[in-house]
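The values are calculated or read from the model by the stated rules, or taken from the named source; none is laboratory data. For clarity, every value in this text was computed on a predicted model and none was experimentally measured. For neighbour counting, all protein chains shown are included, and Cβ atoms are generated from backbone atoms with ideal geometry for every residue, glycine included.
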Amino acid sequence: MLGVQLAALLDGAVPGVEETLDLVAGFDAALVHGFARLDEQHVGHLAAVAGALGETPLGPATSEAVEKVTAGSIGDEQLAVLAGARTALVGAVHDAQLDRIDTALGRTRASWEGTPSASAADGPLAASRSWLQEVAIAGWRGVDHDLVSASDQAISALLAEPGRRRLAVLLDGLAAELRASCPVATMERVPARRWADLWARALLLSQPGAQSAAEPGSVVSGRLLPLGVDVHEHGTAVQIQMHAILEPADGSSPRLVRTSVAAAKVDTIVGPALWRLLDGHPVLLKALAEHRSVELADVPGTAGGDLLWRDDQATLGEPAEPFATARLRLADALEPAAPPLDRHPVRIAEPVLLEGYAVDGDALDLDGKTLTVDLDRLPGCGPLTPELVAASSACIGLLRWDGGRWLLQPLAVQATVKRKPVEAHTGDWALGPTDPKVVKAEARAGDAVAVLRERAGRLLRK
């Protein structure tokens, strides 16, 4: 049945998406060149963006901002409007693709109910905007070590305020990428879309009151039924994001939610050792490893469908098999609304249950429709492998839209190996690996996490 439902999703492109992305690419090309040195072609790209938004509430402000920027008046207000215009275009693509998913799968999505925060004192936000303005004036090709170093003061000031940590990490990441690429003028190819995404998001987050989407909006209680966990790994950090269905204690409709925990790391900690960095969240890890439900009591939640995990407000419940949860609850669960600044196609990650398909290489055949499997996203800290995916007949995964096509990121599979049924989930090793070969390899390698913690403790004691 799902193969038939996905036909509407996999057949052809959504009208207008390609044209909208072309407008975004034009904007990004102007940012590569630098707003202080726009030629006729780049002016045309910005004018096209203003024209596309002409009938929207952003239209007049965008037209005025384009006129001032092309005339050489590149101020804080104009750049904020241009960042908003670009974000609106990308958000329209996100909304179109998300609407297509909801229509194809018959899902219902909550409407956005977030409210702007009260404007606070500018503080370090002004320094952040000032640096981003310098970047826009110079363009990516004009970025050098001196310009990147100018971000240090703003980032330090943001890191000193816990409420600004989200923006601080974003700016720090962008500055690190630019520093590693300096001088950008010598690069053969500039990652124009990625850097423009980061620039626009950072500039909008630098506006007073823009952080509301990540802030707690209410508290929730009820039974949490895990579906699967997505592992985000970086050289210096790891985050696990659990997708689950919440059955609210007040008896309202079940809804899809996410919850995440993260930890700092060094690049030598990889594989199953990653889970030991998160051992401060035993209830969450046990729920993943033992396939258990969790009873939540007054856990903070955001308007975007994220629960802010509190281990002391969570109690392990009865066994809850993720595939049974997906079969019984997933189709009717209310989807969360997307926060305004999170409306970007690469952030689409919709849980789905697929069954009865055939595997052909790195793709699934669903009633004649082909869905590519993103095997590169399989984490090394769990038992899920490309071989198990190839042998599977059922899969819980995240439906993503990347590079102009739909992809499936597996979170769990049911397969047949040597004529025996096998089930594997990305979170199965949350309490340690269960594969004897992996256990032996871990024992030979030693406990890197314990060694580093002992050394860090010794340094702190000195």
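So the values come out like this:
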| quantity | calculated |
| --- | --- |
| Among residues of the range 402-419, those that are over 18 Å from A358 (Cα atoms) and either in a strand (DSSP E or B) or in contact with a helix residue (DSSP H, G or I) (Cβ under 7 Å, 6 or more places away or on another chain) (or both), counted | 2 |
| G280 farther than 28 Å from P340 by Cβ, at pLDDT below 90 and not aromatic (F, W, Y) | no |
| Unmet requirement for S73, which otherwise passes all of (1) within 30 Å of L408 (Cα to Cα); (2) surrounded by fewer than 16 Cβ atoms within 10 Å (Cβ to Cβ); (3) hydroxyl-bearing (S, T, Y) | (1) |
| Within the range 192-207, considering residues that are of a type in the set (G, A, S) and modelled with pLDDT of 95 or more, the one surrounded by the fewest Cβ atoms within 10 Å (Cβ to Cβ) | A192 |
| Output for the range 384-401, where each listed residue is within 23 Å of the chain's Cα centre (by Cα) and part of a loop (DSSP other than H, G, I, E, B) | L384, T385 |
| Qualifying position, being surrounded by 14 or more Cβ atoms within 10 Å (Cβ to Cβ) and either among the polar types (S, T, N, Q) or touching a strand residue (DSSP E or B) at 6+ places or on another chain (Cβ under 9 Å) (or both), among L105, L125 | L105 |
| Test result for I240, touching a helix residue (DSSP H, G or I) at 6+ places or on another chain (Cβ under 7 Å), at pLDDT 90 or above and under 21 Å from L378 (Cβ atoms) | yes |
| Residue check, D311 assigned by TED's automatic domain parsing to the domain that holds S253, within 23 Å of the chain's Cα centre (by Cα) and surrounded by fewer than 16 Cβ atoms within 10 Å (Cβ to Cβ) | yes |
| Strands (runs of 3 or more DSSP E) wholly inside the range 232-341 that include at least 2 residues being under 30 Å from V90 (Cα atoms) | 237-248, 255-264, 292-301, 306-308 |
| Helices (runs of 4 or more DSSP H) enclosed by the range 31-129 - at least 1 residues per element that are in contact (Cβ under 8 Å) with a residue 40 or more places away in the chain and over 27 Å from R141 (Cα atoms) | 76-105 |
| Filter result (assigned to a loop (DSSP other than H, G, I, E, B) and under 30 Å from D197 (Cβ atoms)) within the range 342-361 | R343, H344, I348, A349 |
